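The values are calculated or read from the model by the stated rules, or taken from the named source; none is laboratory data. Predicted model, so just to flag it, every value in this text is computed and none were measured. FYI the Cβ positions are ideal-geometry reconstructions off the backbone, even for glycines, and counts take in every protein chain you see.
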Amino acid sequence: MFKFLFMIITNPLGLPINVLYEYFILLFVGEVAYRLAYSLVGKLLGEGILYDKTVASAAHWIIRAVIYIVMWATLRLVIQGYCLILGLIR
């Protein structure tokens, strides 16, 4: 269920670059988001803050989505800024 919601939220998020580059960059962003969320939820489980697998799973997907969206937004702004600067120079 959480994976389905994650896919619905992140599917329309694209970058204004070549599709092949976009695919690899978003694959990297997804992997980073997964590892950070997995690590953070593991620490929360170890400290006893999260007590149930269902709660931990929900926390993982929420944290993962937030990290993904923040990284995507940052990259999009950087790419748009770069394109804007190139457009002004040319």
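Does residue 63 satisfy being touching a residue at least 40 places away in the same chain (Cβ under 8 Å) and in a helix (DSSP H, G or I)? Here the answer is no, as residue 63 does not meet what is asked.
Taking the range 66-90, which residues are among the charged types (D, E, K, R) and assigned to a helix (DSSP H, G or I)? First the steps, then the outcome.
First, the residues of the range 66-90 that are among the charged types (D, E, K, R): 76, 90.
Within the range 66-90, just 76 meets the criteria.
Every listed requirement among (1) at pLDDT 90 or above; (2) part of a helix (DSSP H, G or I); (3) surrounded by fewer than 16 Cβ atoms within 10 Å (Cβ to Cβ) is met by residue 30 save one, (3). Does the range 3-21 contain any residue that is among the charged types (D, E, K, R) and either surrounded by fewer than 16 Cβ atoms within 10 Å (Cβ to Cβ) or at pLDDT below 90 (or both)? Among the residues of the range 3-21, at least one is among the charged types (D, E, K, R) and either surrounded by fewer than 16 Cβ atoms within 10 Å (Cβ to Cβ) or at pLDDT below 90 (or both), which makes the answer yes.
Take the conditions under 12 Å from the mean Cα position of the chain (by Cα) and of a type in the set (A, V, I, L, M) and apply them to residue 37. Does it pass?
On the way: under 12 Å from the mean Cα position of the chain (by Cα): yes; of a type in the set (A, V, I, L, M): yes.
Answer is yes for this residue.
Could you tell me how many of the residues in the range 66-86 are without any contact (Cβ under 8 Å) to a residue 24 or more places away in the chain and either more than 17 Å from residue 15 (Cα to Cα) or of a type in the set (Val, Ile, Thr) (or both)?
5
Given the structure, is residue 75 more than 18 Å from residue 17 (Cβ to Cβ) and surrounded by 15 or more Cβ atoms within 10 Å (Cβ to Cβ)?
Here the answer is no, as residue 75 does not meet what is asked.
Taken over the range 53-89, the criterion of being farther than 19 Å from residue 43 by Cβ and among the polar types (S, T, N, Q) is satisfied by 74, 80.
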